[in-house]
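Laboratory data are not the source of any read-out in this text; all were calculated from the coordinates shown. None of the values given here were measured: they were computed from a predicted structure. Counting neighbours? That spans all protein chains shown, and the Cβs are built from the backbone with ideal geometry, glycine included.
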Amino acid sequence: MRKHLYIYILVCSFVSCVSGGTHGSIKRYRYHVSKYELEKAIQEIISENPIIYQDSIKDYLNDDTGYVRIHIVQKGLPFTYVFRYYSDKEYWDTSKTSEIFIAYAYDAKHEGGSEGGIKKHRKEFMQELLRPFNQELISKIDTILNEKHTEE
């Protein structure tokens, strides 16, 4: 019995180390263009839309390459999103598809968080939280790329 407990603890420790520091996605958006084309469209939208601005503080969750933290002010209320480009440079350099996913989202009251923290909220909260992101960023990406995204 003690041997089984030891193995169980060892396996649990390994699993938590492997999965530690990762987060799921609140919502994913896929396009049939390269990461670099998607990134160019997003930067164009951010630079031309006065209600969207990218956080100027560079850190792990806002490095301009893998993660981007933006703020969208809609109806006078600030919403914050951290989205991530799917995968890594090797994938970005070779793939003909790309994807962004929302890693964190917060409303004006700073309610929200990552996938795990958001699950406790009701469906209406989620719709309201994602509305500015979908209206001000995703719909405009679709227009620039002349392509309707797919969601996961």
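Structure above, values below:
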| read-out | value |
| --- | --- |
| Unit Cα scatterers, Debye sum, region 38-128: log10 I(q)/I(0) for q = 0.12, 0.21 Å⁻¹ | -0.42, -1.13 |
| Rounded FRET efficiency, nearest 0.05, which uses the C-beta distance separating Asn134 from Tyr36 and R0 of 22 Å | 0.45 |
| Surface/4 of the Cα convex hull for region 50-102, nm² | 4.4 nm² |
| Loop trypsin sites (Lys or Arg not before Pro), region 32-134, which have at most 12 other Cβ atoms in a 10 Å radius of their Cβ (DSSP) | Lys58, Lys75, Lys96, Lys109, Lys119, Lys120, Arg122 |
| Within straight-line cross-link reach of Lys35, lysines at Cα separation under 27 Å, skipping those fewer than 8 residues along the same chain | Lys27, Lys58, Lys89, Lys96, Lys140, Lys148 |
| Ratio Rg/Rh [Cα only; Rh per Kirkwood] for region 95-152 | 1.02 |
| Distance (nanometres) between label positions extended 7 Å along Cα→Cβ at Asn49 and Ser95 | 2.2 nm |
